[in-house]
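Structure first, then comments.
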Amino acid sequence: SPSTSSSTTDVKKPIIVIVIGMAGSGKTTLMHRLVAHCHETGKRGYVVNLDPAVTNLPYGANIDIRDTVKYKNVMKEYGLGPNGGILTSLNLFATKFDEVVGLVEKRAPEVDYVLVDTPGQIEIFTWSASGAIITEAFASTFPTVVTYVVDTPRSTSPVTFMSNMLYACGILYKTRLPLMLAFNKTDVTQHEFAVEWMEDFEKFQDAVECDKSYNANLSRSLCLVLDEFYQNLHNVGVSAVTGAGIENFFQTVDSCGKEYMENY
Ligand code: GDP
Ligand code: MG
């Protein structure tokens, strides 16, 4: 289609931002902050909630999985517990995901960012079919980036940090999309330690090896894997509660959007 833009570095809009992370890492609070920031700065956001089990959504969603799939009914109907109920709800919703992308396409000319909240079940994106269907439906149509939200105060132990990074690594491996880490809750704990560990492989390895509960050879190998992984991602410190770092968050999303345009 003809373009009025003269710049070739412009990223096609909207950029899809899929927010993934452990339960309690602050995805929904961050979404609320991102939506508020869009309102304040004149960026045009479109909001999708993919968490079928959330009871209280602090932001208004344009598309909400809960309007289509009743998670409690899914649990009863399929005889599932909460975790299986969430996974099955996502699988049911994924079958209609082309309709979701269609709705976003209609609104695309007037939208800058599509913000997507997800449940804390990371395995949806590393293991279940619905995660792959959802990310591929977005990524085949728009520049798409994944934000992995880290609970910074809960990741200060090197082994916990390592295991959290291995989850994030699995998401990068599975989705093959530009990935940014959002170190959240910096109002409680600053994320400098994490940046230091990611920038200096030996500092991270020393820290991990101080933890005697880990096999030294295994941890050395994992540190090497993660060192390679860190080369492929962006990171930003944020506080969903205070709003610190949110400007930088959107700049990083834009860089990831460019990366998508160059590589995908
Ligand atoms: P989700 O399960 O990943 O969606 O996490 P929520 O957004 O529901 O947040 C989980 C808890 O972390 C809530 O009690 C939030 O108030 C808290 N939380 C989220 N972001 C921040 C933050 O930036 N700073 C602090 N101190 N708490 C936060
Ligand atoms: Mg949530």
Kindly indicate whether any position in the stretch 37-49 is surrounded by fewer than 19 Cβ atoms within 10 Å (Cβ to Cβ), part of a helix (DSSP H, G or I) and within 16 Å of ligand 2 (Cβ to nearest atom).
-> no
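Mind checking whether some residue in the stretch 51-58 is within 16 Å of ligand 2 (Cβ to nearest atom), of a type in the set (Gly, Ala, Ser) and in contact with a Gly (Cβ under 8 Å, 6 or more places away or on another chain)?
Let us first name the residues in the stretch 51-58 that are within 16 Å of ligand 2 (Cβ to nearest atom), namely 51-58.
Pick out the ones that are also of a type in the set (Gly, Ala, Ser) and you get 53.
Adding the requirement that they be in contact with a Gly (Cβ under 8 Å, 6 or more places away or on another chain) leaves 53.
Yes; the residues of the stretch 51-58 include at least one that is within 16 Å of ligand 2 (Cβ to nearest atom), of a type in the set (Gly, Ala, Ser) and in contact with a Gly (Cβ under 8 Å, 6 or more places away or on another chain).
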Scan the stretch 174-190 for residues that are within 16 Å of ligand 2 (Cβ to nearest atom) and open to solvent by 10 Å² or more (accessible area, probe 1.4 Å) and jot them down.
-> Lys185
Return only the number of the condition from (1) away from ligand 1 (no atom under 13 Å from the Cβ); (2) in a strand (DSSP E or B) that Val19 does not satisfy.
-> (1)
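Quick one: which residue in Leu34, Leu30 is part of a helix (DSSP H, G or I), within 23 Å of Glu123 (Cβ to Cβ) and open to solvent by less than 30 Å² (accessible area, probe 1.4 Å)? Full working, then the answer.
Details: Leu34 fails: within 23 Å of Glu123 (Cβ to Cβ).
When all the criteria are applied, what remains is Leu30.
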Give the stretch 104-124 a look and list any residue that's open to solvent by 10 Å² or more (accessible area, probe 1.4 Å) and either of a type outside the set (Gly, Ala, Ser) or within 16 Å of ligand 2 (Cβ to nearest atom) (or both), or say none.
-> Glu105, Lys106, Arg107, Pro109, Glu110, Asp112, Gly120, Gln121, Glu123
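The values are calculated or read from the model by the stated rules, or taken from the named source; none is laboratory data. Since this is a predicted model, take the numbers as computed values, not measurements. For neighbour counting, all protein chains shown are included, and Cβ atoms are generated from backbone atoms with ideal geometry for every residue, glycine included. Surface areas here come from the heavy atoms of the whole protein model, side chains and all, with no ligands, DNA or RNA. Shrake-Rupley method; radii C 1.70, N 1.55, O 1.52, S 1.80 Å.
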